[in-house]
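Right, one structure below, let's go through it.
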Amino acid sequence: MHPAIRRVDWDSAAFARDCYEITVVDEVTLREAASRPGHYAIKVDPLADKAALHHHGFYYVDTLLEPHCRREDFGGHRDPRARCTRNEKLEDLLAICHGAFEHGRFHRDFNLPRAQADLRYDNWLRQVHAAGDAYGLRHDGTLAGFIAVMGNRLVLHAMAPVFRGRGLAKFLWTAVIDALYAQGHAEVSSSISASNIAAVNLYQALGFRLRHPVDVYHRWTP
């Protein structure tokens, strides 16, 4: 296999098919992806020429943005009713996680079953929770959502449906971000879909800036 094609075991297990990530866009790599069965993903600069991708059957699924904020620039929105915890039961967090990521590139890919896309995020939460890196978000003592972290990155987050649209997320996110800065991190970052306007607005309201946009293209080779 071409060295620029890397098998992603995590996605392969969730989707029950070989899933790969391509790290270099060139004719040889794209031709191999078009001839070898599997699901392929590639991230490219939004201004890059996409002609070769389209020629080899790749299709656009998402644009990802990276919100980031240094400790000295973070104002936050604090509320004593909002707090984060580290001891929530996995099943309670999974109840919020399951089906919450409709903006994700795997849910937007018409070649992937939605149920397996849900499983991918559920499995990811299981892994982070087992490592002790899943924060529960509580408002007035009630579990309202979660944020899973890896180091200084917020890698997975969701609010329970009943708590959405109430302006609470900025207080709950602040509780977790404050905790990460207290651990000594100089910067906190995340990754969100440009189509997720609620998340874009939330991070900007918290003082985050956006950088490193990438367009994501997929290919399914039967």
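The values are calculated or read from the model by the stated rules, or taken from the named source; none is laboratory data. Just so it is clear, the structure is predicted and the values come from calculations on it, not from any experiment. FYI the Cβ positions are ideal-geometry reconstructions off the backbone, even for glycines, and counts take in every protein chain you see.
So the values come out like this:
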item: Candidates 51, 33 - the one that is surrounded by fewer than 12 Cβ atoms within 10 Å (Cβ to Cβ) and of a type in the set (Gly, Ala, Ser); result: 51
item: Residue that is closer than 22 Å to residue 179 by Cα and modelled with pLDDT of 95 or more, where the choices are 50, 89; result: 89
item: Condition met for residue 25 (β-branched (Val, Ile, Thr), within 28 Å of residue 118 (Cα to Cα) and out of contact with any helix residue (DSSP H, G or I) (no Cβ under 6 Å at 6 or more places or on another chain)); result: no
item: From the options 112, 119, residue that is part of a loop (DSSP other than H, G, I, E, B) and either in contact with an Asp or Glu (Cβ under 7 Å, 6 or more places away or on another chain) or closer than 25 Å to residue 60 by Cα (or both); result: 112
item: The range 194-222, residues that are part of a helix (DSSP H, G or I) and not polar (S, T, N, Q); result: 197, 198, 199, 200, 202, 203, 205
item: Qualifying positions in the range 183-193 - touching a strand residue (DSSP E or B) at 6+ places or on another chain (Cβ under 9 Å) and either part of a loop (DSSP other than H, G, I, E, B) or over 10 Å from residue 67 (Cβ atoms) (or both); result: 186, 187, 191, 193
item: Evaluation of residue 205 against (1) hydrophobic (A, V, I, L, M, F, W, C); (2) closer than 30 Å to residue 59 by Cβ; (3) surrounded by fewer than 17 Cβ atoms within 10 Å (Cβ to Cβ) (one fails), failing number; result: (2)
item: Matching residues, the range 54-106, being surrounded by fewer than 15 Cβ atoms within 10 Å (Cβ to Cβ) and among the polar types (S, T, N, Q); result: 85, 87
item: Among (1) surrounded by 15 or more Cβ atoms within 10 Å (Cβ to Cβ); (2) closer than 30 Å to residue 201 by Cβ; (3) hydrophobic (A, V, I, L, M, F, W, C); (4) not assigned by TED's automatic domain parsing to the domain that holds residue 141 - the single one residue 25 does not satisfy; result: (2)
item: Breaking point among (1) free of Cβ contacts under 8 Å to residues at least 60 places away in the same chain; (2) touching a His at 6+ places or on another chain (Cβ under 8 Å), for residue 82; result: (1)
item: Count - residues of the range 131-182 that are part of a strand (DSSP E or B), hydrophobic (A, V, I, L, M, F, W, C), more than 14 Å from residue 199 (Cβ to Cβ) and touching a strand residue (DSSP E or B) at 6+ places or on another chain (Cβ under 7 Å); result: 7
